[in-house]
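Below: one structure, written as structure tokens.
The values are calculated or read from the model by the stated rules, or taken from the named source; none is laboratory data. Keep in mind that what you see is a predicted model, and the values were worked out from it rather than measured. With ideal geometry, Cβ positions are generated from the backbone for all residues, glycine too; neighbour counts draw on all protein chains shown. These accessible areas exclude ligands, DNA and RNA; they are computed on the full protein's heavy atoms, side chains included. Shrake-Rupley method; radii C 1.70, N 1.55, O 1.52, S 1.80 Å.
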Amino acid sequence: MTAAAATRRAIVRALLLVLLLLTGLIAYALLRGRPQDLPWTPLDLSAPTGLFTGRKLTALTGDFPQCRAVLAAAGVRYTALPARTDGQCGYADAVRFAPGGARTVAYAPAGLGVACPVAAALAKWEWDVVQPAAQRLFASPVVAIDHFGSYSCRRIYGRDAGSWSEHSTADAVDIAGFRLADGTRITVARDWQGTGPRATFLRTVRNGACDLFATTLSPDYNAAHADHFHLDQASRGATGWRACR
């Protein structure tokens, strides 16, 4: 067999393997009645989290009209923020959650503004991850999430050089803790270590965030994240890598 023939055979085998995997994925999604497990179906925040939900959320970056439509269809009330430019920093797709609608959790301090894809992921995180974990472990819903902010015109770790942080475009938010309706307060700084219900809750919501955000960083990553979760929707392309630490 010539080298050219061997190459053609290898290419054919690879294409057949891709076709087989694609057929299996379609059959899996259709048989289970889960269109959210297919990469080309529209994003629906009201549907259970699927295999490609996280990538669909990240793909909203750069498509503000579509992101706003996704929020509206899910009953998420929000206010679109004016575009902002600060040299290399700024945003054109930021929103602020408004009271009422399908969401029930407040953010403290109030007035948090984030890029629309981050807002969509936060809503999904609240419904599918945060509230179920709180009910299971504490029999009480989360009423507020403490945060350290979103937009900040700076490079990663505040360095003088290097890549710009996702905070520089409001595509990231830092989550510090959770407040429950029964008065329980859970913080990343105090409660991450251990095996009790508070630590279990924090690890559960961290793991769930990994399915929805392009980047999820926790105290397991480094000392700089000892007191918060960093959640962002960094745009790395349709098949770009995702980080969960």
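Look at Asp160 and say whether it is surrounded by fewer than 20 Cβ atoms within 10 Å (Cβ to Cβ) and of a type in the set (D, E, K, R).
It is true that Asp160 is surrounded by fewer than 20 Cβ atoms within 10 Å (Cβ to Cβ) and of a type in the set (D, E, K, R).
Taking Cys153 as meeting all but one of (1) out of contact with any Pro (no Cβ under 8 Å at 6 or more places or on another chain); (2) open to solvent by less than 50 Å² (accessible area, probe 1.4 Å); (3) touching a residue at least 60 places away in the same chain (Cβ under 8 Å), write down the number of the exception.
Result: Cys153 fails condition (2) only.
Consider the range 231-242. How many of its residues are open to solvent by 20 Å² or more (accessible area, probe 1.4 Å) and either in a strand (DSSP E or B) or not aromatic (Phe, Trp, Tyr) (or both)?
Qualifying residue count for the region: 6.
Can you tell me which condition Trp127 does not meet? The list is (1) surrounded by 13 or more Cβ atoms within 10 Å (Cβ to Cβ); (2) more than 20 Å from the chain's Cα centre (by Cα), and all the others hold.
(2)
Any idea which of Leu112, Leu45, Leu122, Leu81 is open to solvent by less than 40 Å² (accessible area, probe 1.4 Å) and touching a helix residue (DSSP H, G or I) at 6+ places or on another chain (Cβ under 7 Å)?
None of the other options fit; the residue is Leu45.
Within the range 175-196, can one find any residue that is charged (D, E, K, R), over 17 Å from the mean Cα position of the chain (by Cα), closer than 23 Å to Lys124 by Cβ and not in a loop (DSSP other than H, G, I, E, B)?
yes
Tell me which of these Asp191 doesn't satisfy, since it passes every other one: (1) at pLDDT below 95; (2) among the acidic types (Asp, Glu); (3) open to solvent by less than 50 Å² (accessible area, probe 1.4 Å).
(1)
For the range 139-162, name all the residues that are modelled with pLDDT of 95 or more and more than 22 Å from Gly113 (Cβ to Cβ).
Ala139, Ser140, Pro141
Among the numbered criteria (1) surrounded by 11 or more Cβ atoms within 10 Å (Cβ to Cβ); (2) closer than 12 Å to Ala170 by Cα; (3) over 16 Å from the mean Cα position of the chain (by Cα), which one does Ala106 miss?
Answer for Ala106: the failing condition is (2).
Working only within the range 222-243, note down all residues that are in contact with a strand residue (DSSP E or B) (Cβ under 8 Å, 6 or more places away or on another chain) and within 15 Å of Glu166 (Cβ to Cβ).
Scanning the range 222-243 gives His225, His228, Phe229, His230, Leu231, Asp232, Gln233, Ala234, Arg242, Ala243.
Which residue is surrounded by the most Cβ atoms within 10 Å (Cβ to Cβ), if the candidates are limited to the range 48-74 and must be of a type in the set (A, V, I, L, M) and closer than 19 Å to Gly237 by Cα?
My answer is Leu57.
Any chance you could count how many residues in the range 195-239 are closer than 23 Å to Pro141 by Cβ and modelled with pLDDT under 95?
Looking only at that region, the number is 0.
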